[in-house]
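What follows is a set of notes on a single structure, which appears directly below.
Here, each number is a calculation from the coordinates, and none is a lab measurement. Since this is a predicted model, take the numbers as computed values, not measurements. Methodologically, a virtual Cβ is constructed for each residue, glycine included, from the backbone with ideal geometry; neighbour enumeration extends over all protein chains shown.
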Amino acid sequence: MYNGWKIIIGLIIFVGLITAPFIFSGKKATAKPDPKVDTPEILKLPENERKCVEAKSYMKGEHMKLLNQWRDWVVRDGDTIYTNAEGKRYTISLQNTCMKCHSNKTKFCDECHNYAAVSPYCWDCHIAPKEKKS
Amino acid sequence: MSMDRKEFLKIAGISTILGIGGTSVVNSLRNLVEASQISPNPEALTGKRWGFVVDMSKFNTDEDYQRCIEACDKVHNVPHINNPKHEIKWIWKETYEHAFPGQGTEDKYLSEKIKHMPFLVLCNHCDNPPCVRVCPTKATFKRKDGIVMMDMHRCIGCRFCMAACPYGARSFNWRDPRPFIKEENENREFPTRTKGVVEKCTLCYERLAKGLKPACVEASKGGLIFGDLDDPNSEVRKVLSSHYSFRRKPELGTRPSVYYIF
Amino acid sequence: MLEKAIQGSRRYWVWIFFLLGIIGIGFISYLYQFKNGLGITGMSRDVSWGLYIGQFTFLVGVAASGVMVVLPYYLHNYKKFGRLTILGEFLAISAVVMCMLFIFVDMGQPLRVLNVILHPTLNSVMFFDMVVLSVYLLLNILIGWTVLGAERKEVPPPKWVKPIIYLSIAWAPSIHTVTAFLYAGLPGRHFWLSAIMAARFLASAFAGGPALLIILAMIVRKYTKFDPGKEAIQALGKIVTYCMIINVFFLGLEFFTAFYSQIPGHMQSFVYLYTGLEGHSKLVPIMWVSSILAAVALVLLIFPQIRKNESLLAIACISTFLSLWIDKGFGLVVGGFVPNPFERITEYWPTLPETLITLAVWAVGFLVLTILYKIAVSIKEEVVFDKYGEKQVQTE
């Protein structure tokens, strides 16, 4: 073929560039995320009270949207009490409500976020709880 | 059917725009949280126009000023940056001749004591705020209780509000503030800010929501009187009706809510 | 038509790669700024807008100045500008691109820029500025491309272009008026709080923009076979002359109000800029350079015998452009922040990274300009080139 060597070298470079992210992240990227909910604060609660603000499946899928809407209600309207689907009331706050139970950001929040390669900038401002280095 | 490349690209482009645009419109209209699920804290302090009276008779020693400034800085994780170009200040001291330049400028016969008297200055939470008028994203906005609020999530850091504020009340995060917050002073119940957003006094909205007075007011031992200017029976109104009071640059029409009495 | 931009002489490619080099260095500088924050610039809590916004302000004027060739040609059938209009429109595109880039590099949170569109705020002048600039960019791209494409095919442009051209003529002064409104409505900044701010902006735009266009037309004539026309350049020269006179006159009006009223708030910024205030005088040298350049420009422009000499006209145009660039691109913005609301003084001077980023944005603008001009000139050369292969000389 015409310009054969240039094409082959180009193809090799192309394949290299495309597969580079997968090569460099290796096993880390394919490990299934395993968010841990066994923080001391959660373990202190009796077993039947270990519920999040909303059901697990709901939080898994919609926590981003919930937090966005919480943010607008608190910051822009000044209303700080949330009544969940079961009628229980919570103070709307990432730092002081969510992170109080989920005090293990690196073993909980980061698990799925790293897997999905997203880096939400919440904790640039909202102070993440101190974690013991284990 | 046959079409040429130009027409194909046109149809592809328009379908993409309609597709993406349509889905985002539908998505944004779908509300997750019902309005009925959100309510204010019943203990919260409510008012129509929060304001301050700064009673200068109660500020005599340096400690009187520092107490208020440090209370605010601590509760809100205000960083202490040495470079004066990058400093962040929410409430601070300024002498009379600089805080009230219309009064003090080039007045040779003004009492020296008054000229150099320190005054606590902060955001005036104006009733007609020029900063709110210019913000292109409503990141700074006026709440219904009168507080000129900051939405740090929305601020794009254009600093138009800083140009508009006639009182120099606003600070910009020229760099990441976190290295400048001493760990022992950190308030873990309140966020820090990040580089690239503007910040200022927000009248302790988070304390008002829990029924607490602003941090500086509590630390001032009566030097700062806080209340609803719209309520004729509030303490601030009573003080204002019985004293001569003045505000910073009232001729600009901003209607500031921070009054000073002697 | 884009393929015209990748066919060029050696000199053309050397210029392109030179620009790309500057852009590369500036881009790295911008990554440094993105990581560390705007603190790497010379801006401060007191002077919160600096070189970036100053350059933006100046370039909006250059963008608006396209109207100075488009209006006479399309509204009044001034045929002499026939070969200049495309150069004016493409200069406008290049200038608006630079404006938008300068805004982008000045943002503290640039990734959130779309918030301005997601949360439109009709009382904010900045919102309107974004809207009018974006529309102006689209208008000029549409008009320039369509008219040039039609010329290439040697047919008259389609009828729908006419109303869009008329819209762009009305739109051009509006972009600079809105930009002036950014400054002219702020209650605390007495240096800017002037009713004639928009008028001053327009006057300096219509002097500086055409001055640049004259230089560009002369460069095009020297390095390509396309000649925009000696009489067109002379007519533009008259526009530069009158607008520069008006611009200097307006500045004089500001000086009068400030110093005859003797109100400190009005005087202080002028005193800082031209003589120094309380020992702070960093900007005094460049403000006087700007004034001297303006005086030189006026002397060369006002006398027709001097103006008709194209080399002297070129010097006058460079002088005009530089004078206005210093005044609007630096002095005006920084002066508004000195003294600060507490009548204290913090001075400003750009840092090296800030300067590199600024140069890179200018390089992007010149790159866009080069590519667009290359396309326009290539097409015009083919079409306007006469059958004897000689440079077209304007006969009318």
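Put in line by how crowded their Cβ is, counting other Cβ atoms within 10 Å and starting with the fewest, C:Leu186, B:Leu45 read B:Leu45, C:Leu186.
Cross-link pairs exceeding 26 Å between alpha carbons, from the set B:Lys144/B:Lys238; B:Lys138/B:Lys221; A:Lys32/A:Lys105: B:Lys138/B:Lys221. Peptides B:211-220, C:320-329 ordered by packing proxy, namely the average of other Cβ atoms within 10 Å per residue, highest first: C:320-329, B:211-220. Our coupling estimate for the range A:113-127, obtained by passing each phi through the Karplus curve with A = 6.51, B = -1.76, C = 1.60 and θ = phi - 60°, is 5, 5, 4, 7, 6, 10, 10, x, 8, 3, 7, 5, 10, 6, 5 Hz, Gly and Pro reported as x. Eigen-decomposition of the gyration tensor built on the alpha-carbon atoms of the range C:27-129 gives equivalent ellipsoid semi-axes of 34, 16, 12 angstrom, largest listed first.
Partner shielding of A:91-97 amounts to 3, given as the average count of beta-carbon atoms from other chains within 10 Å of each residue beta-carbon. Sites counted here are trypsin sites (Lys or Arg not before Pro) in a DSSP loop (not H, G, I, E or B) having no more than 14 other Cβ atoms within 10 Å; the longest part of chain B that contains none of them is B:49-107. When the GluC sites (Glu not before Pro) in the range A:52-134 are filtered for DSSP coil states and for at most 10 other beta-carbon atoms within 10 Å of their beta-carbon, the remaining sites are A:Glu86. One Cα centroid belongs to the range C:89-107, the other to the range B:227-260; the line between them spans 46 Å.
Between the amide H of B:Tyr259 and those of B:Phe52, B:Val53, B:Val54, distances stay under 5 Å, these residues lying 5 or more places away or on another chain, with hydrogens modeled in the peptide plane. Mind scanning C:Lys35/C:Lys282; B:Lys48/B:Lys210; C:Lys153/C:Lys308; A:Lys51/A:Lys130; C:Lys79/C:Lys380; B:Lys93/B:Lys182 and naming the pairs with a C-alpha gap bigger than 27 Å? Violating the 27 Å limit, Cα to Cα: C:Lys35/C:Lys282; C:Lys153/C:Lys308.
Extending 7 Å from the Cα toward the beta-carbon at both B:Ile17 and A:Thr83 defines two label points whose distance is 4.5 nm. Normalised by 2.2 N^0.38 Å, where N is the number of residues, the C-alpha radius of gyration of the range B:135-262 stands at 1.19.
Amide H contacts of B:Phe119: B:Glu94, B:Thr95, B:Tyr96, each under 5 Å away and 5 or more positions distant or on a separate chain (H built 1.01 Å from N in the peptide plane; Pro and chain starts excluded). Backbone geometry of the range B:173-188 corresponds, through the Karplus equation with coefficients 6.51, -1.76 and 1.60 at θ = phi - 60°, to 3J(HN,Hα) couplings of 7, 6, 8, 5, x, 4, x, 9, 9, 5, 4, 6, 9, 5, 9, 6 Hz, x marking Gly and Pro. For the range B:159-219 versus the range A:101-130, the spacing of their alpha-carbon centroids is 23 Å.
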